[in-house]
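Q: Attaching a single structure in structure tokens format; questions to follow.
Values quoted throughout were computed directly from the atomic coordinates according to the rules given, and no laboratory measurement underlies them. Being a predicted model, the structure only gives us computed values, none of them experimental. Every residue, glycine as well, gets a Cβ built from its backbone with ideal geometry; the counts of neighbours run over all protein chains shown.
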Amino acid sequence: MKNNNISILGAGLIGSLLGVYLRKRGLNVSIFEKRSDNRNDQYKEEGRSINMALSHRGWKALEKVGLKEKIEPLAIPMYGRRVHDEHGRTSFLPYGKDQQAIYSISRGKFNQILLEEAEKEGAQLFFDHKCVDVNIYTHQIKFLLPDEEVKRVASDVIIGADGAYSSLRHAMQKQVRFNFSQEYISHGYKELTIPPNAEGEFAMDPNALHIWPRGNFMLIALPNPDKSFTCTLFLPFEGTKVCFDKIHDQRDVESIFKTYFDDAFDMMPHLTSEFFKNPTSALININCYPWVKNQCVLIGDASHAMVPFYGQGMNSGFEDCDILDDLLAKFGTTSWELVLEKFQKIRKPDTDAVCQLALENFIEMRDSVSDPKFQIRKKIEAKLHELYPKEWIPLYTMVTFTSIPYTEAYAQGKLQDLIMNKIMADPLITQNWDKLDYEDIINQVETAKAV
């Protein structure tokens with residue numbers, strides 16, 4: 001069959017799920033991964049890998065191919081943010097209404113299940129295949145194997161699901177009129193752990209995303225099935241009083257944690273050993289266009305890598321798979337040129353929007369959530385959503401708990417932001433927020449929409 005042989009570069013979460021989708025469409029799928037097949041090792045490391053926040057868009061994509069029930073046992077619901085101040089006091093900010101939650105899930109076991117499902121559906125998996133070149137015009141992929149042997153593979157369609165440093169995107173960058181930019185933000189991150197307590201239980205509330213916002217930096221913690229928490233410390237690399245460049249020894253680590261994260265420090269017996277053992281990683285935004293060239297396409301982080309502060313990197317990548325599958329259902333599995341052009345046209349504006357949202361949410365997470373006025377603002381928005389569920393949907397709800405396109409959510413969020421800024425300008429708002437004329441606020445929204 002024409003256009004029946006598909007090569008996916010990258011066996012991560014997006015590449016694996018896409019393999020499941022394409023096999024269910026009856027296509028011949030090969031998935032190539034530069035790393036070794038260490039699925040069993042990843043399983044042993046459950047609770048120690050970078051955590052993901054699975055939300056509506058991700059669940060929807062998993063449910064479509066019958067994987068929701070297999071993944072649910074791995075996921076722990078988080079119903080809101082548990083904010084820790086510098087004195088150890090906490091406050092809870094729910095994510096949505098009616099017990100809406102995002103779900104903490106560890107990457108290793110999740111990836112294993114998706115890979116095994118792709119394999120069960122008939123996808124061929126090739127590990128230890130490092131892609132060193134792609135000829136976009138002849139559709140030849142060149143791989144380097146562990147013994148230095150060179151292997152070449154031809155394919156009708158090539159899909160780059162190989163992350164922020166994509167080999168396929170690198171090949172596309174050599175083409176005429178390919179726009180590309182990457183931006184590293186000033187902050188990096190380091191993974192740490194809060195183990196179970198002496199009784200073998202969670203050391204903190206397991207049904208919340210814990211956050212220690214400290215202005216220019218922060219610590220977060222997400223729960224794991226083994227009753228530990230995976231913590232992520234976000235600090236500037238350099239140039240501030242508290243930054244990675246100024247941490248040299250055990251004393252420096254302990255000083256920072258005792259000063260700014262004292263309650264977390266008391267729950268982290270392996271803090272200093274983990275701090276110096278685990279790498280300090282960078283955070284990057286990728287913007288490129290076009291994503292499509294001669295039946296080669298970029299998907300997920302390869303086309304729109306984003307910083308992790310809205311928890312939408314994986315979810316948006318899964319939504320990519322869902323939308324691509326819808327287009328294959330509509331136009332057929334032999335019409336790849338049409339399908340890919342439609343996919344690019346639909347997704348590019350939305351992923352631009354969510355990348356911007358992720359950058360903006362960093363400021364909210366590290367700073368605003370600790371502001372009492374911010375918490376009042378969230379209460380007002382929750383009340384508006386309760387009274388007028390169709391007319392006022394908080395931005396976070398639109399992004400996290402619906403399939404509203406990211407562009408629409410972004411535009412609606414900006415409009416609502418303008419109105420909320422006016423409301424919050426009232427110096428007495430913290431005393432009289434529950435006496436507001438909510439109907440008048442909704443009328444302002446409708447008027448602004450009409451304009």
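Q: Please enumerate the residues belonging to segment 392-410 that are in contact (Cβ under 8 Å) with a residue 24 or more places away in the chain, out of contact with any Lys or Arg (no Cβ under 9 Å at 6 or more places or on another chain) and surrounded by fewer than 17 Cβ atoms within 10 Å (Cβ to Cβ).
A: Residue satisfying the conditions is THR407 alone.
Q: Could you identify the single residue in LYS330, LYS258, LYS342, LYS293 that is under 30 Å from LYS227 (Cβ atoms), surrounded by fewer than 20 Cβ atoms within 10 Å (Cβ to Cβ) and either touching a helix residue (DSSP H, G or I) at 6+ places or on another chain (Cβ under 9 Å) or free of Cβ contacts under 8 Å to residues at least 12 places away in the same chain (or both)? Please lay out each step first, then the result.
A: On the way: LYS330 fails: under 30 Å from LYS227 (Cβ atoms); LYS342 fails: under 30 Å from LYS227 (Cβ atoms); LYS293 fails: under 30 Å from LYS227 (Cβ atoms).
It is LYS258.
Q: Here's a follow-up. Of everything in segment 369-390, what is touching a Lys or Arg at 6+ places or on another chain (Cβ under 9 Å) and in contact (Cβ under 8 Å) with a residue 40 or more places away in the chain? Give them in sequence order.
A: Scanning segment 369-390 gives VAL369, SER370, ALA382, HIS385, GLU386.
Q: Oh, and also: Name, by its number, the condition in (1) buried (at least 21 other Cβ atoms within 10 Å of the Cβ); (2) in contact with an Asp or Glu (Cβ under 6 Å, 6 or more places away or on another chain) that does not hold for ALA164.
A: Against the list (1) buried (at least 21 other Cβ atoms within 10 Å of the Cβ); (2) in contact with an Asp or Glu (Cβ under 6 Å, 6 or more places away or on another chain), ALA164 comes up short only on (1).
Q: Here's a follow-up. Return the residue satisfying two criteria in turn: it lies in segment 52-98 and is within 20 Å of the chain's Cα centre (by Cα) and among the aromatic types (Phe, Trp, Tyr), and of such residues it is nearest to SER16 (Cα to Cα).
A: Top of the filtered list is TRP59.
Q: Of all residues in segment 136-150, how many are of a type in the set (D, E, K, R) and surrounded by 14 or more Cβ atoms within 10 Å (Cβ to Cβ)? Spell out how you get there, then give the answer.
A: From segment 136-150, those of a type in the set (D, E, K, R) are 142, 147-149; that's our starting set.
From the residues that got through so far, the ones that are surrounded by 14 or more Cβ atoms within 10 Å (Cβ to Cβ) too are 142.
Summing the residues that are of a type in the set (D, E, K, R) and surrounded by 14 or more Cβ atoms within 10 Å (Cβ to Cβ) in segment 136-150 gives 1.
Q: Do we have ALA198 as buried (at least 19 other Cβ atoms within 10 Å of the Cβ) and outside any strand (DSSP E or B) here?
A: Values: buried (at least 19 other Cβ atoms within 10 Å of the Cβ): no; outside any strand (DSSP E or B): yes.
No, not satisfied.
Q: Of LYS60, LYS64, which residue is among the basic types (Lys, Arg) and buried (at least 17 other Cβ atoms within 10 Å of the Cβ)? Spell out how you get there, then give the answer.
A: On the way: LYS60 fails: buried (at least 17 other Cβ atoms within 10 Å of the Cβ).
None of the others qualify; the one that does is LYS64.
Q: Here's something else I'd like to know. ASP147: in contact with a Pro (Cβ under 6 Å, 6 or more places away or on another chain) and over 18 Å from VAL20 (Cβ atoms), yes or no?
A: Numbers: in contact with a Pro (Cβ under 6 Å, 6 or more places away or on another chain): no; over 18 Å from VAL20 (Cβ atoms): yes.
Taking the combined requirement at face value, the residue does not satisfy it.
Q: Follow-up question, since we're still on this one. Only one of these conditions is not met by GLU391: (1) under 13 Å from LEU357 (Cα atoms); (2) of a type in the set (D, E, K, R); (3) not in a helix (DSSP H, G or I). Which number is it?
A: (1)
Q: If you don't mind, another one. Could you tell me which residue of segment 93-135 is surrounded by the fewest Cβ atoms within 10 Å (Cβ to Cβ), considering only residues that are of a type in the set (A, V, I, L, M, F, W, C) and closer than 18 Å to TYR310 by Cα? Give the derivation first.
A: Of segment 93-135, the ones of a type in the set (A, V, I, L, M, F, W, C) are 93, 101-102, 105, 110, 113-115, 118, 123, 125-127, 131-132, 134.
Subsequent filtering for residues that are closer than 18 Å to TYR310 by Cα retains 93, 101-102, 105.
Values: LEU93: 18, ALA101: 22, ILE102: 27, ILE105: 25.
Per the criteria, the residue is LEU93.
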